[in-house]
Amino acid sequence: MKEIKIPKTFPGIIKIINESNDMDTIETMENYIGCYYGIPVLFIGSIVNYIMHYKLKSSVLDSIFLLLLCFCFIITPHLKLKTRVITHWISILFSVVLIFVTIRIYPFIGPGIWTIAFINIIISSIRITKVMLNYVTVSTLFVGMYYSLVLSKTPFKYNTTYYIVQLLLFALVIVIAPIVHLINQAHYYRLNKMYMTEVRQREELEKMYNNITATHAELSFRYNELNDKNTELELNEEKLYHMAHYDMITELPNRKSIMDKIHELIEVSGYEEINFYTVFIDIDSFKKINDSMGHHIGDLFIKKAANRLSKGIHKEDLIGRIGGDEFALIIQRNLNRKEAYDYLESIRQEFLKPFIIGNKEIKTSASFGVAAFPCDGAQQVELLRNADTAMYKAKELGKNKVQFFENAMKSELIDKINFETELKSALTKDEIYLVFQPIYNLKTDNIRGFEVLARWNSPLLGMVSPAKFIPVAEELGMIISLGEWIIKTACKAYKNLQTKYNLEGVLSINLSVKQLEDSNIIMVIDEALKEADLDPKYLEIEVTESILISSIENSIIILEELRKRNISISLDDFGTGYSSLSYLRKLPIDILKIDKSFIDDLLNENKNMEIIGNMIILAHNLGISVVAEGIEEEIQVTHLKMLQCDYIQGFYIGKPLRVSELDEYIEKMQILSK
């Protein structure tokens, strides 16, 4: 039989018949149906025959013969013969069964043999081939002749056995009937599918024929259409050139046009002495405009900025947009440095005027970086790089400036790159470590807690101030990973100190603006507390005024989430930024830290005493505790006690200490407090 995975159930067989268009496969499945029908009928028949007629000597032989036929059906699906040979074999088995039942079991089932013959005819008639039907027909004729010549003379008594057999046979007919229906339905669906496939193929052939037999007029029409398209493409050539060389938003020349122009001028310099300037113009704080007002307003602003810059340039010069908020200006006239500066300064001053977009007024500025040909670069790439370097120098010096390139900037740029390279690997090389500065409680005369600070000891650069490397880490996007390391490392170290010395004080950790804007900051803090097994009430998050005010609504949401976890919030550098009563009332803070600049002048002017006193009173009225930073002298402590300050921090109390140095300090302070 054809090698197909043998289905275990009738529905499995019917499914294969329904899905197959292969006649051999269908015939194989029909042979399986014959086997699945014959096996249980013969097996049950042999058992029943023996049970009911075991007193007769012949019943044992009859049952053995029925089991032998059953075995033939069992092994049939596993025979490695051609499908048609198997079909003949199964047909012969069905015929033998009918003839055997007629000759040997007629005395017990009587006319029931005709029901068996009828079932065989039903099964064979639904098959895709007529081989079995032919065998069954011949065997039925033989049975009929045998009945007429022999059995008709033998009287048959309708007994209980006959009725039981008839009921079983009719039950078998009821089972076979839906199977026959499903098989016929499968044949119908298959034939219908083949018919629809043929119809579809005919339609496709007709369509192909129609396409192939297109008339001369149609071909002529298509030829003319192609001609029209070609003409249209030629007409669009200028438009395509414009799209390739001009910016879509501003209609100014794009980066390619600027690069081509610089290349052209350098080429001209080969046979004619010329000087020109390449100027990079970058709009200051454009990202804030985009983020706060949306990209649509950002695009409108860029368009207006381009119009204003275009109106301010000389007709012989070329300005273009090279991307984002950056423009490039090529001064092609032979100007000296002062003339070029005055010219650019006038453009810069004009750019400071407010932009009106809809009902919004936008004020901003621009930074200019200038490189002169040939003294600042004789090649295109070098000239552009130096103009870009000068522009970033202008931003570094406070933005809103015209900055000419200087050779010293090259070394500064190299130093900056080296600094950034060293910083990127500092954390993995364990060059960054933490120190803890004590915070002292003036009312209880003991340690209130520690503020954790980061330090960088570079083998190449030496000790690097946090004021220098933290902003660079923010600029490089490292502050998120660095901040996460600080939070987790500090929490673990402080938990160890708590366990060792039974400390009840807080651990104060600073957050940068980038960390506060990070959507994962809450999760990072939660993980750090969980990993260290540190109670949230011992953690204090410290932020500066400028960080909060830059994104106050988002900041308030984050800080309130932290406070829900019983984490306290400290406002650092108070008095140096946007200090006002309205902000203090709005912000969810627990601690206010007075900036060191106020404490330094505490003894110099009575006015400072009054200011600090008012700050403390204001904070206390709002339920906020106060920390004074930068305490270096005992007299400062005395005055702050008089002003009812809650806590102090500074070198007078204790300098920032590494974890290894904290043991001695804590033991000393615990002895003094006793």
Ranking ILE480, LEU503, ASN457 by how far each Cα lies towards the positive end of the charge dipole of region 451-511 (+1 on Lys and Arg Cβ, -1 on Asp and Glu Cβ), the top one is LEU503
Could you pull out every residue, at least 5 positions away or on a different chain, whose amide H is within less than 5 Å of the one on LEU539? Hs are placed 1.01 Å off N in the peptide plane, and Pro or chain starts have none.
-> LEU507, SER568
Quick one: grab the alpha carbon gyration tensor of the chain, order the square roots of its eigenvalues as a ≥ b ≥ c, and give me rounded if a/c is under 1.5, else prolate or oblate depending on whether a/b is larger than b/c.
-> oblate
Relative contact order, percent, the chain [alpha-carbon distance under 8 Å, six or more residues apart] = 7
Starting at the first residue of region 349-360, write each ³J(HN,Hα) from the Karplus equation 6.51 cos²θ - 1.76 cosθ + 1.60 with θ = phi - 60°, in whole Hz, x for Gly and Pro.
-> 4, 5, 5, 6, 5, x, 9, 9, 10, x, 10, 10
Report, in debye and to the nearest 20, how large the dipole of region 403-521 comes out about its Cα centre when Lys and Arg carry +1 and Asp and Glu carry -1 on their Cβ.
-> 480
Integer Hz, Karplus 6.51/-1.76/1.60 couplings in order for region 386-397, x for Gly and Pro = 6, 5, 5, 4, 5, 5, 5, 5, 4, 5, 5, 7
Work through the residues other than LYS410 whose Cβ is under 13 Å from its Cβ and net out their charges, Lys, Arg +1 and Asp, Glu -1.
-> -3
By the gyration tensor of its Cα atoms, with a ≥ b ≥ c the square roots of the eigenvalues, what is the shape of region 318-440: rounded for a/c under 1.5, prolate for a/b over b/c, or oblate?
-> oblate
In degrees, nearest ten, helix 552-564 long axis to first principal axis of the chain (Cα) | 70
Unit charges on C-beta of K, R, D, E only; dipole of the chain, Debye | 5160
Can you list the HN-Hα couplings for region 520-535, worked out from phi with the Karplus curve (6.51, -1.76, 1.60; θ = phi - 60°), rounded to whole Hz and with x for Gly and Pro?
-> 9, 4, 5, 4, 4, 5, 4, 5, 4, 5, 5, 5, 8, 6, 9, 5
Taking all protein chains as present, what is the carbon and sulfur share of the accessible area of region 288-356, in % to the nearest whole number, probe 1.4 Å?
-> 51
Sequence-distant residues sharing a close amide H with GLU632 (under 5 Å, placed H) | TYR652
Run through the DSSP bridge list for the chain and note the antiparallel percent, rounded to the nearest 5.
-> 60
In region 20-96, the trypsin sites (Lys or Arg not before Pro) that sit in a DSSP loop and have at most 12 other Cβ atoms within 10 Å of their own Cβ are LYS55, LYS80, LYS82
Order by protection proxy (mean Cβ within 10 Å, highest first), peptides 508-514, 518-524, 228-234, 117-123 | 508-514, 117-123, 518-524, 228-234
Would you tally the net charge around LYS500, using a Cβ to Cβ cut-off of less than 11 Å, leaving LYS500 out, and scoring K and R as +1, D and E as -1?
-> -1
Taking square-rooted eigenvalues a ≥ b ≥ c of the alpha carbon gyration tensor, is region 476-575 rounded, prolate or oblate, where a/c under 1.5 means rounded and, failing that, a/b exceeding b/c means prolate?
-> prolate
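The values are calculated or read from the model by the stated rules, or taken from the named source; none is laboratory data. Since this is a predicted model, take the numbers as computed values, not measurements. So basically every Cβ, Gly included, is an ideal-geometry build from the backbone, and we count neighbours across all protein chains shown. For accessibility, only protein heavy atoms count, side chains too; no ligands or nucleic acids. Shrake-Rupley method; radii C 1.70, N 1.55, O 1.52, S 1.80 Å.
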